[in-house]
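Since the structure comes first, as structure tokens, the remarks are kept for the end.
The values are calculated or read from the model by the stated rules, or taken from the named source; none is laboratory data. Not measured: the values here are computed from a predicted model. Reconstructed Cβ throughout: ideal geometry from the backbone, glycine too, with neighbour counts over all protein chains shown.
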Amino acid sequence: MRVTVFGAGAIGGYLAAKLAIAGKVDLSIVARGAHLDSIQADGLRLVEDGRESVAPVRAAARAEELGVQDYVVLALKAHSVGPALDQIAPLLGPDTAVVTMQNGVPWWYFYKAGGALEGTRIQAVDPGGTIWQRLGPERVIGSVVYPAAEVDAPGLIRHVEGTRFSLGEPSGEKSERVTRLARELVAAGLQAPVRDDIRGEIWVKLWGNLSFNPISALTGSTLASIVADEATCALARAMMLEAQAIGESLGVRFPVAVDRRIKGAGDVGEHKTSMLQDLERGRPMEIDALVTAVQELGRLTGQPTPTIDSVLALVRRLAIERGCYQA
């Protein structure tokens, strides 16, 4: 079983290291720069539970060095997938599965979703349907990622918490390819439940990301601070309720109440969201996958999004001014 992790940052690096250490798959990664140099010289190092291990991975800067794979795990941010299509192409054969690990609304959302919007391309995450056409939604295995990890130094991944990578076919079926992948993740010490409704789980994670991320970036506040402040908490709640109406109009059932979801975010504590961290580091922010795409779904379903619209306008303007937005 040949697996390539494309994008060996914190999450991709953690997953690759766990699979490589388990030694049950033929594991490769595509990386670049000092990170790649370190991995090629000394292996991919993983610090977990205070112990350091070295994962023997094949690392390359160019995918064509690795050949056709059984599974390609896309561990890139959503806005990086389109620009990487030419690099991903050599990894794909007629039976290659592509595991998408991006936050937010996925480009393949309406593939085998049923209903009036079946086959709709979401322009916010896939302008012109280019990813849909080049990768092919039939290849997709969806994933919702829960672990937290950091790249402490080139070639060195530190696991913070969490081991769950939920998996699911867009059709909801428990296919051989998704169950086989789940078995390998479990054998590597990870949790890999196979969901019959991966979209529902995508929405529960997105629910918090679309609200707390932009509010955090706009205010410089941590999750605990946003929830503790009556005004910002109310703003997040309004955004979440607008998103819930969109999700429910698409047939999504939310398993927790909005106030419980807000409390869960506050319980994380003095944590800076990924969008705030990207802003502080001058990196592109995941605005379109987390917020713009939800606005687009609101337009498609006829659901009003006045609060989302306002927050989106502000955070997009901020990101443009700071050079952190790729239109």
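With Asp49, Asp26 as the choices, which residue is assigned by TED's automatic domain parsing to the domain that holds Glu161, out of contact with any helix residue (DSSP H, G or I) (no Cβ under 7 Å at 6 or more places or on another chain) and within 20 Å of Ala89 (Cα to Cα)?
Asp26
Quick one: is Gly114 in a loop (DSSP other than H, G, I, E, B) and modelled with pLDDT under 95?
Taking the combined requirement at face value, the residue satisfies it.
Out of all the residues in the range 261-297, which are under 12 Å from Arg316 (Cα atoms) and β-branched (Val, Ile, Thr)?
Ile287, Val291, Thr292 - these are the residues of the range 261-297 that are under 12 Å from Arg316 (Cα atoms) and β-branched (Val, Ile, Thr).
Looking at (1) more than 20 Å from the chain's Cα centre (by Cα); (2) surrounded by fewer than 22 Cβ atoms within 10 Å (Cβ to Cβ); (3) modelled with pLDDT under 95; (4) part of a helix (DSSP H, G or I), which one does His79 not meet, given that it meets all the others?
(1) is the only condition that His79 fails.
Residues in the range 265-282 that are modelled with pLDDT of 95 or more and surrounded by fewer than 16 Cβ atoms within 10 Å (Cβ to Cβ): how many?
Residues meeting the conditions: 2.
Suppose we keep only residues that are free of Cβ contacts under 8 Å to residues at least 60 places away in the same chain and among the acidic types (Asp, Glu) within the range 107-159. Which one would you say is surrounded by the most Cβ atoms within 10 Å (Cβ to Cβ)?
Step by step, filter the range 107-159, then rank; the result is Asp126.
Quick check on my filter: what residues within the range 24-46 are in contact (Cβ under 8 Å) with a residue 24 or more places away in the chain and either among the polar types (S, T, N, Q) or over 11 Å from Gly155 (Cα atoms) (or both)?
Correct list: Lys24, Val25, Asp26, Leu27, Ser28, Ile29, Val30, Ser38.
Residue by residue through the range 1-43, note down the ones that are modelled with pLDDT under 95, in contact with a Pro (Cβ under 9 Å, 6 or more places away or on another chain) and not in a helix (DSSP H, G or I).
Gly23, Gly43
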